[in-house]
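Everything on this sheet refers to the single structure shown next.
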């Protein structure tokens, strides 16, 4: 691939989402955790990475929330928890993401921040901070579902990486 094509592709990714991070340089230039958005035909692909599974899931959760909610002026009204039982990593991530979409669809308050806590038994706990609807700004389309066939979780020497396709 020529340098011009790479530069053009990188410019297109930045145009899609100003918060985008070039995954090729993420390990050299960014902290050991983060996320980015990639445009996809009628959908969005999200990538997240972290030093361990819980941090990767936390980044994935924040990527999903940032896709549809600007919580810069959010006023916290409550925090809810969702335990994710031990299982294959892709199933655990899918459970976590499905829960966020469920809360976005069903709660009167809006989730704007997520944290993920590892548990001693290998499970994780998703904690969602919810805000009054008038204090958050809706951006983009609301996520409808996570495509299981496009979900991947890879644990390697540089940490854990995941990617997933969101139907919007």
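Derivation of every value follows stated rules applied to the coordinates shown; laboratory data play no part. Not measured: the values here are computed from a predicted model. When we count neighbours, we look across all protein chains shown, and the Cβ atoms used for this are built from the backbone with ideal geometry, even at glycine.
Structural remarks
- P(r) tail fraction, the stretch 67-139 - alpha-carbon pairs more than 15 Å apart, %: 53
- Longest to shortest principal axis, alpha-carbon extents of the stretch 27-107, angstrom: 38, 32, 28
- Burial ranking of peptide ranges 49-60, 90-101, 72-83 (average Cβ count within 10 Å, highest at the top): 49-60, 90-101, 72-83
- Distant alpha-carbon pairs in the stretch 40-168 (separation over 26 angstrom), percent: 17
- Relative contact order [Cα under 8 Å, 6+ residues apart], the stretch 21-168, whole percent: 29
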